[in-house]
Structure formats: structure tokens, C-alpha cells
Amino acid sequence: MVEIRLIRHGQTIGYHADLGLTDLGRQQAAAKAAELAGTLRPGEPVRIVHAPLVRAAETAGEIARGLVAAGFGLAGTDPTVDRRFDNFRLWCGNRALDPTEAYAVYAEALEGDRSSRPPWFDEMDQFWKILAAGEDPITYWLTQPTQHWEPAALAVRRFWHGMVGSARDAVPGLRLLVATHSGCIRAVAAAAFGYDPGEPENTEDVRIVLPVGGERGRLTYRGRTVEVVAPTTAAPPWVSDVTSHHQAEEPTPARL
């Protein structure tokens, strides 16, 4: 079996740019390392990967240092970036950006002429206003049909692609620790449970156990465990290019 932990990053300095952890965030990551060390056996293989943004990378680094200090070796050259576990992204015209990366583009549009604001602006504006008010923008992302945010369902498929791929290539007994972002972690759990189980706290995790080379396993979050099956790797028609799909289906106009 392979155990995968999707771990939310520690407390960050802020979400208006690609920023790192606060002192508390580093302490949270170190405490997570101590917690994980208590579940490991000597010689058990451990690999750490992370989403590319600074807050996830620093969380992975703190966990790695804590495990090494506790006497556990790491498999390979850890920690390393795995883009399959990126945060969900906003399609800003010609770029797909994490919400914090997109903030600078949003702020520039906010200061500009209202009539020239790009099509994605209103969705980012709604997301940021919810966050700035101290409310929960992830619920907005999970439940609101949007045109410019990566859909939660596709983020779940992307994460499963990463998990199944990691399990397929893993040595038996591997512990894969993934430092990533709360929205996608929560979406993976919601897809498994059939309801939204709520926002993970900083460094809280969702645990998935898969057989080596397999796609059927168990997911545990906040004391509840369910059986899970990885989504099919075959792309359904709604994942393909919507425009070309509808153009292909469009009937030929009648000749007069």
C-alpha cells in the first residue's frame, strides 16, 4: 500500500502575492513533522512533494527538516515540486494563475478604466471581496458555476492523476507527503464524501491509502473514512474543447 497525505500549507503572510509562511506557519509545519514522525517506522520510505508556490514549498521544507531531525531519511531528492498538485487557477485571458499570482493582474484592472476590464474580472472581484471580508471564498469556488476559474471537478481529477501516478511508480509502503492548498484538498474530500466537509486548518491533512499500482482505496478526513475509486482517465466530452464540440454538432443551415 501507499499512504498519501494531502497537507494544507502553514499560515501564510498573506494571499495578495506569492508569500511565504509566518513564524506561526513555520511552527505549525514543524509540529506537523513531529506528528508524522510519530506514525513512521524506522526505514519506512518517505517522499515529500509540494505545489510550486512559496507557502507550500516552505511547508514542505519545514516538514522535511523535522523528519530528518527525528531520524527519518527521505526517498530521492526531496522535497520537490509536483505541478499535478498545484492550487486551482484563474484563466486570465492567456495565463492560468493561482489566485495569489492573479492578484497583481486583478489590482491593475481594478485601477483601470471600468469599461476595459477583462471578462474574468468580475469572478476574481467576487472571490477577493469574500476573502477580504474574512469569509470563505472556497465555498464560492466549490459551488458557483464560473467561466474563468478551474472547475473543482477538474481540480479533483488533476489531483487523482497525481496520486494514482505516484502510487503506480511507488515502492510498497511509501509515505507520500504533499504540501498543497486547502481548496483542492477540500474538493477531493467533498468528491469522496458527497458533501463539503469543511475547510482544512493550516497543516491539517486528508489521508488516502492506495494499493501500489491500483486506483481503489480509502480516504480519511476528520475521523471519517470512505472507500474511493480514482476517476476514469478517459476524458468525457465536456472536458474537451466546448467550442469545437458544439461546432461539430451544429446542424447545417437549410438552403432556401
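Observations on the model:
- Scan of the range 6-18 for residues that are under 27 Å from residue 215 (Cα atoms) and either part of a loop (DSSP other than H, G, I, E, B) or in contact with a Cys (Cβ under 7 Å, 6 or more places away or on another chain) (or both), ordered by number: 9
Residues checked against (1) in the same structural domain as residue 191 (by TED's automatic domain parsing); (2) under 18 Å from the mean Cα position of the chain (by Cα); (3) more than 21 Å from residue 185 (Cβ to Cβ):
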site	(1), (2), (3)
66	yes, no, no
96	no, yes, no
107	no, no, yes
113	no, no, yes
123	no, no, yes
133	no, no, yes
168	yes, no, yes
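- For residue 226, the test of being assigned to a strand (DSSP E or B) and within 18 Å of the chain's Cα centre (by Cα) is failed.
- Among the residues of the range 19-57, those identified as assigned to a loop (DSSP other than H, G, I, E, B) and in contact with a Lys or Arg (Cβ under 9 Å, 6 or more places away or on another chain) are 19, 20, 39, 40, 44, 45, 51, 52.
- Test: residue 3 is buried (at least 17 other Cβ atoms within 10 Å of the Cβ) and outside any helix (DSSP H, G or I): yes
The values are calculated or read from the model by the stated rules, or taken from the named source; none is laboratory data. What you see is a predicted model; the values in this text were computed from it and never measured. Neighbour counts are summed over all protein chains in view; Cβ atoms, including those assigned to glycine, are modelled from backbone coordinates with ideal geometry.
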